[in-house]
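Worksheet: one structure, shown below.
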Amino acid sequence: MFLKELNKDEANAFLNLVSIFARIDNEFAKEEKALLDEYKEELGLVDSGIKEMVYEDIIESLKSSSDRAKRIIYFELVGLALVDGEYEDEEVDFLEKIAAEFSIPRAKRIAIANYFYNFTDVYNFTTVDAENNIELLKEQAEIIL
């Protein structure tokens, strides 16, 4: 939703971080693969344009990013953690590590997690007013980022 705000280096680092994160539970679910493909499409990157990075280089690369860019990345990682319907301990630990690296306050982390739980509630509640629900979710995401 907000990935287009990332510059090219941030986008590359983000995709590498997503790849690492998606495999953290030793399983690369089809939902995670599909979401990774959506990220690439949204960012306008193809596999040949993605420079592979290790975790330490990703974090070093993102240290100079704005707080908003870091929150966007964290926000998307939380969504990825929940996309396969599982929220494993390894994923929680990884997200906590990223939050610490990015200095994301606890209140902001809780707001982001609540957003995704609210998203599920709104999405499952009704499809009759889907456009209004989507707009509401976008507004809520903008507020927490």
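The values are calculated or read from the model by the stated rules, or taken from the named source; none is laboratory data. Computed from a predicted structure; not experimentally measured. Please note: Cβ atoms are built from the backbone with ideal geometry, for glycine as well, and neighbour counts cover all protein chains shown. SASA here: full protein model, heavy atoms, side chains in, ligands and nucleic acids out. Shrake-Rupley method; radii C 1.70, N 1.55, O 1.52, S 1.80 Å.
Scanning region 56-71 for residues that are surrounded by fewer than 18 Cβ atoms within 10 Å (Cβ to Cβ) and touching a Leu at 6+ places or on another chain (Cβ under 7 Å) yields one hit, ARG68. When residues in region 26-55 are screened for being in a loop (DSSP other than H, G, I, E, B) and either of a type in the set (Phe, Trp, Tyr) or open to solvent by less than 30 Å² (accessible area, probe 1.4 Å) (or both), 3 of them pass. The set of residues in region 3-25 that are in contact with a helix residue (DSSP H, G or I) (Cβ under 7 Å, 6 or more places away or on another chain), open to solvent by 20 Å² or more (accessible area, probe 1.4 Å) and assigned to a loop (DSSP other than H, G, I, E, B) comprises ILE24, ASP25. For residues that are at pLDDT below 85, in contact with a helix residue (DSSP H, G or I) (Cβ under 8 Å, 6 or more places away or on another chain) and not small (Gly, Ala, Ser), tally how many sit in region 27-44. Count: 6. Those residues that are aromatic (Phe, Trp, Tyr), open to solvent by less than 70 Å² (accessible area, probe 1.4 Å) and either assigned to a helix (DSSP H, G or I) or at pLDDT below 85 (or both), I need them from region 72-115; list them, please. Passing the criteria: TYR74, PHE75, PHE94, TYR115. Right, ILE59: β-branched (Val, Ile, Thr) and either farther than 21 Å from TYR117 by Cα or in contact with a His (Cβ under 9 Å, 6 or more places away or on another chain) (or both) or not? Answer is yes for this residue. Of the candidates ILE20, ILE24, the single residue that is of a type in the set (A, V, I, L, M, F, W, C) and within 23 Å of ASN114 (Cα to Cα) is ILE24.
Is it the case that some residue within region 65-77 is free of Cβ contacts under 8 Å to residues at least 40 places away in the same chain and over 23 Å from GLU142 (Cβ atoms)? Scanning region 65-77, I find no residue that is free of Cβ contacts under 8 Å to residues at least 40 places away in the same chain and over 23 Å from GLU142 (Cβ atoms), so the answer is no.
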